[in-house]
Structures are given as C-alpha cells and as structure tokens.
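Here, each number is a calculation from the coordinates, and none is a lab measurement. The structure displayed is predicted, hence computed values, not measured ones. Cβ: placed from backbone, ideal geometry, glycine included. Neighbour counts: every protein chain shown.
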Amino acid sequence: MTESLTVRDNRTGQEYDVPILDGTIKAADLGKIKSSDDEPGLAVYDPGFVNTASCRSSVTYIDGEKGILEYRGYPIEQLAEKSSFLEVAYLLIHGALPTKAEYEAWVHEITFHTFVHENVKSFMQGFRYDAHPMGMLMASVGALSTFYPDARNISDAENRHIQIVRMIAKMPTLGAWSFRHAQGKPYVYPDNDLSYTANFLSMLFKMSESKFEADERLVKALDVLFILHADHEQNCSTNAVRSVGSSQVDPYSAVAAGVGALYGPLHGGANEAVLRMLKRIGSKENIPDFIQGVKDGNERLMGFGHRVYKNYDPRAKIIKKACDDVFEVTGVNPLLEIAQELEKIALEDEYFVKRKLYPNVDFYSGLIYEAFQFPPEMFTVLFAIGRTPGWLAQWSELVQDKEQKIARPKQIYTGDRGLDFVPAAQRWA
Ligand SMILES: CC(C)(COP(=O)(O)OP(=O)(O)OC[C@H]1O[C@@H](n2cnc3c(N)ncnc32)[C@H](O)[C@@H]1OP(=O)(O)O)[C@@H](O)C(=O)NCCC(=O)NCCS
C-alpha cells in the first residue's frame, strides 16, 4: 500500500490524498489543491530551501543527528584515513571505487590536463595587483568555457568526462596562480612528476629551486583536507551549480556559479572568522569572559554549531588529527591551545550541550591553513579545489536525471497591480 497524507482544505471542506514517497510529498500534488478553479493551486513557501528536497541524489549521505557523512556509501573517516583525494574524486564522479587500471588511467588523465592555455595566464595577469583570489578563480573557471566551446555538448558522456577531468586538473593551477598574483610572484607551471596535491604546493610555493618538494606530512594533511571538503550534498554552492546547470549551460559556467556561492561569508568564510575570534581572545585566561559573552548573547562561538550536524561534525574530528601532523612540521600555532581549551569548556557547558552545539569543520581548518602560511583570502580557494569533484558529480547526476527541469522557483507576489503608466514628460511636467 502506498503511504499518503490526507489534507483537508478548510476553505472548501474538500479532502485530498497526497502520496508520500521517500518521506516527501510532491509539491506539484499540492498544486491540485485549489479554493476555486481559476485560482492557482497551493504552493509551499520555503526561503532557503530548509525543508524542500530539490533532487534525488546518490552522491553523499548525511545524518546530522548522528554525525554521519558518507560519499557513495563510504564513511568519511575511512576515506580520509585510507584513500587519496584523486581516488575520492573518482568515487564521487563514477559512483564506485576504481580498479587499479582505472585508477592509474584516471590519475594519468588528471595529471596531464593540469596545464592551461597561455591566454588563460595572460587573462589572469590582467587582474589588479590586489585582486581577491576567489574573484580570480571564479572568473578564470568561467573563462575556461570559452577555451572549450565543445563543453556545451553536455548530453554526450565522453564529452562530459573530458570536461570533468579538465576541471579537476586545472583548478589547482588556477587557484595557485591567483595566490601568486596577489603576492606579485611569477606563476609556476604544473610539475607533472608530482602528485596532485604535491604539485599544487609546488605551484604555490616554488621559488628558484629546480624542483619543489613539500614535506610528505604536509602533502598528506592537505590531501585529507581536500577529501573532507569534496562534497556535502545540497549546500549553497552545490545548489548554485545545479541551478545554473539546469539551464543546460556548459559545466565551466555552472562551476563558476558554485565558486561564486562559496565566496560568500556564510558559506566558505567561517574558518577565517574562527581565526579572528581566537586572535581576539588572545590567551587562555580570557576564555571564561568570552564564553560568558556568548551565553549572554553578545558573541557567537565561531566554528561551533551547524545547520545539519547536531552532533560532533565528523570532519572536525579528522581535522583535529591533521592539526597534529601539520604542527609537527610547522611548529604549533599558539592559537591551538586557545582553541582546544575553548572546545573543552564548550563541550561541558550546559548552554552548548543543550543546544547541541559541537565543533564544525571550520573550527580547526583555519589553524591548519595558517600553519601553511596561507593568507585568509586563500582559505576559500582551497575549499573550492576540494569541492570541485563534488560539484561535478552533482552536475553530472543532474544532467542525466530525467526528472530534473530548469530551476524556476515560484514567488509570492507582494507588489502593486494594474497601475496606469504615465509617460515621464507628463509626470515631470
Ligand atoms: C552554523 C549556524 C549558522 C547554524 O545555524 P542554525 O542552524 O540556524 O542554528 P540557530 O541559529 O537556530 O541556533 C540554535 C541556537 O543555538 C545558538 N547558537 C547556534 N550557534 C551558536 C554559536 N556558534 N555560538 C553561540 N550560540 C549559538 C543560537 O543562538 C540559538 O540559541 P537560542 O535557541 O537560544 O536562540 C550557527 O550555528 C552559527 O552561526 N555558527 C557559527 C558560524 C560557523 O561556524 N559557521 C560554519 C558552519 S560550517
């Protein structure tokens, strides 16, 4: 028997049976509920999509109450510990883990698409000396669509594949060049002898040495951070990629929209806020006063709380461990002590316990990025590189989903109607 919801419209006294499938009802079914034939049917009002499913997806599973995050069914903890970013990217895009041959072919393809057309370089060099690297990344990813006009052929699987490979391969190049630009340093070309993440570090930090070889522990830590950011189901930037992609535009334009969404402080910018907060607190002695300020409603404990997770964010646990590895190489960031003490107090304090406020992914990631000597503007660029396979997996799912349509929400109109237009010459006379 199909499950259903019985709705009684008190305006008309009429009852409707609305089928329930997968814990949802179809908004279109509510459209059949009308008080009269010439009126539009009932719609749902849901700013921010807080309780609206926009798609069916088999990419990422989250259970916020239990603190579970899985990519294609695999727990994030296992992937972070035992996999690599490129293997996770393969998993997200293809839906299954690669065989040895598939993995080698995938790594080879990504490695040999890291270079960009020289005109992309000239284009990037045209930005102002102090351009924000996220603005540069967004524009240059969008610009790639003009270099690969064939990318608009989104119904061809082989074509989709090559654009996905190109984008995953070129994002670190564009991200690193945005960083070098702000520093007034020459752009460094990719080194295809290096792994994905080691090559990224080389493009960021190489100076006059003939080969840049980063400490393996740093390479691993950054690789883990990319894995942790690789997908997070229907978040703001993924929704932007899907929404723009639903017009059947090429994937570079859709991903540029995702980069734009991530640029916003409510999405990608929280780890920077955590750093500012820790610096403001300054020392352990000031923590009790700070916590009191939070409880009195004068402050927010940045890096705590999450719209979805009402338990320890599983990514935060892994990042905490990565902190130890990074600080072993770079020396301990003095802010770590304050962060750890804050966490300890907050996890025991009734205010935070009652509200289910736990550390989220951003609580420790800023500390790590700072240890790498990234300026705060770069934090979101790193996030974008990690999120690219997720955006593309979701985009690929969208374009193959027969149920999807061009994104076009409804509105509740609140303006005037039927006014008579008086030409300017008469109004101003
Ligand atoms: C992430 C966040 C926006 C989620 O917000 P949300 O799901 O809308 O949660 P709410 O704002 O409804 O919070 C519920 C309660 O917890 C409190 N709360 C939530 N996050 C808090 C925080 N970081 N510090 C102090 N109190 C917090 C709210 O004041 C509210 O208390 P009340 O019931 O007494 O009014 C929010 O927790 C936050 O601002 N966190 C800090 C910023 C951050 O780390 N963002 C990164 C997210 S990955």
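Quick notes on this structure:
- From the C-alpha gyration tensor of the chain, square roots of 5λ in Å: 38, 30, 24
- Selected from THR414, PRO389, VAL399, residue furthest toward positive end of dipole (segment 374-429; charges at beta carbon): THR414
- For segment 1-94, GluC sites (Glu not before Pro) are listed when DSSP marks them as loop and at most 14 other Cβ atoms sit within 10 Å of their Cβ; the list is GLU3, GLU65.
- Distance cut-off 22 Å, percentage of C-alpha pairs in segment 275-429 lying past it: 59 percent
- Counting only residues at least eight positions apart within a chain, or on another chain, the aspartates and glutamates with an alpha carbon under 16 Å from that of LYS295 are GLU343, GLU348, ASP349, GLU350.
- Taking a straight Cα-Cα cut-off under 17 Å and skipping sequence neighbours fewer than 8 places away in the same chain, the aspartates and glutamates within cross-link reach of LYS100 are GLU87, GLU109.
- 5 Å-binned pair-distance histogram of segment 1-141 (Cα, whole percent): 2, 7, 10, 10, 10, 11, 11, 11, 9, 8, 6, 5, 2, 0
- The aspartates and glutamates whose alpha-carbon is closer than 17 Å to the alpha-carbon of LYS66, local same-chain residues fewer than 8 away aside, are GLU77, GLU233, ASP313.
- Distance histogram for segment 114-155 (every C-alpha pair counted, 10 angstrom bins, percent rounded to whole numbers): 25, 51, 21, 4
- Two-site FRET efficiency, ASN153 against ILE20, from Cβ-Cβ distance with R₀ of 56 Å, rounded to 0.05: 0.90
- Distance between segment 206-226 and segment 266-335 - C-alpha centres, whole angstrom: 25 Å
- Site pair LYS402 and ASP37 shows an inter-label distance of 3.3 nm when each label is modelled 7 Å from Cα along Cα→Cβ.
- Across segment 1-67, Cα-Cα distances exceeding 20 Å account for 43% of all pairs.
- Stretchable slack from ARG300 to ASN286, in nm (0.36 nm times residue separation minus alpha-carbon distance): 3.5 nm
- Annotation for segment 41-108: chymotrypsin sites (Phe, Trp or Tyr not before Pro) lying in DSSP loop with at most 15 further Cβ atoms inside 10 Å of their Cβ are TYR45.
- Peptides 271-280, 383-392 ranked from most to least packed, by the mean per-residue count of other Cβ atoms within 10 Å: 383-392, 271-280.
- Point-charge dipole on Cβ atoms (K/R +1, D/E -1) for segment 351-406, about Cα centre, debye to 20: 340 debye
- Exceeding the 26 Å Cα-Cα cut-off - candidates LYS284/LYS321; LYS170/LYS402; LYS82/LYS356; LYS26/LYS354; LYS82/LYS405; LYS170/LYS320: LYS170/LYS402; LYS82/LYS356; LYS26/LYS354; LYS82/LYS405; LYS170/LYS320
- Dipole moment magnitude, nearest 20 debye, the chain about Cα centre, only Lys, Arg, Asp, Glu C-beta charged: 780 debye
- Stokes-Einstein translational diffusion, segment 287-379 - Kirkwood Rh over all Cα pairs, 0.692 mPa s, 37 °C, in µm²/s: 236 µm²/s
- By the combined test of axial Cα extent (at least 15 Å) and Kyte-Doolittle hydropathy (mean at least -0.5), the qualifying DSSP H helices of the chain come to 133-147, 157-183, 216-229, 251-263, 270-281, 314-330, 335-348, 376-400.
- Model label points for HIS117 and TRP428, set 7 angstrom from Cα along the Cα-to-Cβ axis, are 4.5 nm apart.
- For segment 341-395, the direction-averaged projected area of the alpha-carbon convex hull comes to 5.5 nm².
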